[in-house]
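Here's the structure, in structure tokens; my notes come after.
The values are calculated or read from the model by the stated rules, or taken from the named source; none is laboratory data. Quick caveat: nothing in here was measured; it's all calculated off a predicted structure. In this analysis, Cβ positions are derived from the backbone assuming ideal geometry, glycine residues included, and neighbour counts consider all displayed protein chains. Please note that ligands, DNA and RNA were not included when accessible areas were found on the heavy atoms of the full protein model with its side chains. Shrake-Rupley method; radii C 1.70, N 1.55, O 1.52, S 1.80 Å.
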Amino acid sequence: MEIKVRQNNSVVILDLAGRIDVNSANLVEMVGQLVHDGYNDILCNLEDVDFIDYMGASVIVIAYKEIINNHGRMKFCNVPQHIRNIFCIAGLERVIEIFPGEEPALNAFKEDKAIEEIKKMQLRRRFKRLPIDIKVELKAKHAANPVCLKLDVLNISAIGAFIFGCDKFKLGDEVIIRLRLPPRRAELELEAKVVWIPDRQVQPHSYPGIGVEFVHLPSAIQEELVEFIDRNISLNPTDSC
């Protein structure tokens, strides 16, 4: 099987041609490399695929699982009818998304992102945000020799925080945050991702700083954050949701 790679905005398009069978491990390898490089939205164009067997369907499943397990999306377009028949027999049509052409598939990726943003907004509105001033230690998650920075948390919710005094990170960076919620003595260690950086010209009062979204947050820790915020929010008349 031959694979040609091209890109449309954030979506990587794989033009597949030939036979998808037991010898098509290059598809799995290609998808694994794309995930490693940070590309999680994959569109497989099967227009020039002339054969697929059950082993080939298994290759598709392995590649699809690789994307899903890394919180990505894989869609398919221009699937010939004889290939769709195999997908149907293998039960894949109930799992994967198939589109008649490239344009509707790309539009579906855009719609997915729009829906995701709406869900994030709804999620944020569910949790109160508490203005606060507590010290926090921050370090890069993947740096070889991460440096801890002692900074100030200006507000916190059960899903994220705004940390003031830092200009060493960029959007998408993963960080480790260590803090104590008064009167708690034990230290919390939270994983987070940088999702917002204030503009120095437009928001000078917030610069330098970063907005972070907590990731891989255990439910018990999130409940503790909610309880802490609920206990303290009534003391601040400027609380917001």
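So if I check each of L138, L154, L171, L149, which one is out of contact with any Cys (no Cβ under 8 Å at 6 or more places or on another chain), among the aliphatic types (A, V, I, L, M) and within 27 Å of G38 (Cβ to Cβ)?
Details: L138 fails: out of contact with any Cys (no Cβ under 8 Å at 6 or more places or on another chain); L154 fails: within 27 Å of G38 (Cβ to Cβ); L149 fails: out of contact with any Cys (no Cβ under 8 Å at 6 or more places or on another chain).
Result of the check over L138, L154, L171, L149: L171.
Considering every residue within region 89-104, establish whether at least one is open to solvent by 80 Å² or more (accessible area, probe 1.4 Å), touching a residue at least 12 places away in the same chain (Cβ under 8 Å) and over 30 Å from V215 (Cβ atoms). Within region 89-104, one or more residues are open to solvent by 80 Å² or more (accessible area, probe 1.4 Å), touching a residue at least 12 places away in the same chain (Cβ under 8 Å) and over 30 Å from V215 (Cβ atoms).
Residues that are among the acidic types (D, E) and open to solvent by 40 Å² or more (accessible area, probe 1.4 Å) within region 153-189 comprise D167, E174, E187, E189, listed in sequence order. Among residues of region 44-66 that are touching a residue at least 12 places away in the same chain (Cβ under 8 Å), those with a Cβ under 7 angstrom from a residue that is in a helix (DSSP H, G or I) and acidic (D, E), sequence gap 6+ or separate chain, pair up as N45/E102. The single condition among (1) open to solvent by 60 Å² or more (accessible area, probe 1.4 Å); (2) without any contact (Cβ under 8 Å) to a residue 24 or more places away in the chain that P198 does not meet is (1).
Taken residue by residue, region 37-53 has no member that is assigned to a helix (DSSP H, G or I) and either surrounded by fewer than 17 Cβ atoms within 10 Å (Cβ to Cβ) or aromatic (F, W, Y) (or both).
Which of the residues belonging to region 201-215 are surrounded by 11 or more Cβ atoms within 10 Å (Cβ to Cβ) and free of Cβ contacts under 8 Å to residues at least 40 places away in the same chain? Walk me through how you get there before you give the answer.
Step one: filter region 201-215 for residues surrounded by 11 or more Cβ atoms within 10 Å (Cβ to Cβ), giving 203, 206-215.
Within region 201-215, just Q203 meets the criteria.
Evaluation of N85 against the conditions (1) at pLDDT below 95; (2) under 27 Å from V215 (Cβ atoms) shows that the sole unmet condition is (2). Taken as a whole, the condition of being in a strand (DSSP E or B), of a type outside the set (A, V, I, L, M) and open to solvent by less than 50 Å² (accessible area, probe 1.4 Å) applies to D15. Listed conditions (1) out of contact with any Lys or Arg (no Cβ under 8 Å at 6 or more places or on another chain); (2) open to solvent by less than 50 Å² (accessible area, probe 1.4 Å); (3) among the aliphatic types (A, V, I, L, M) are all met by V22, apart from (2).
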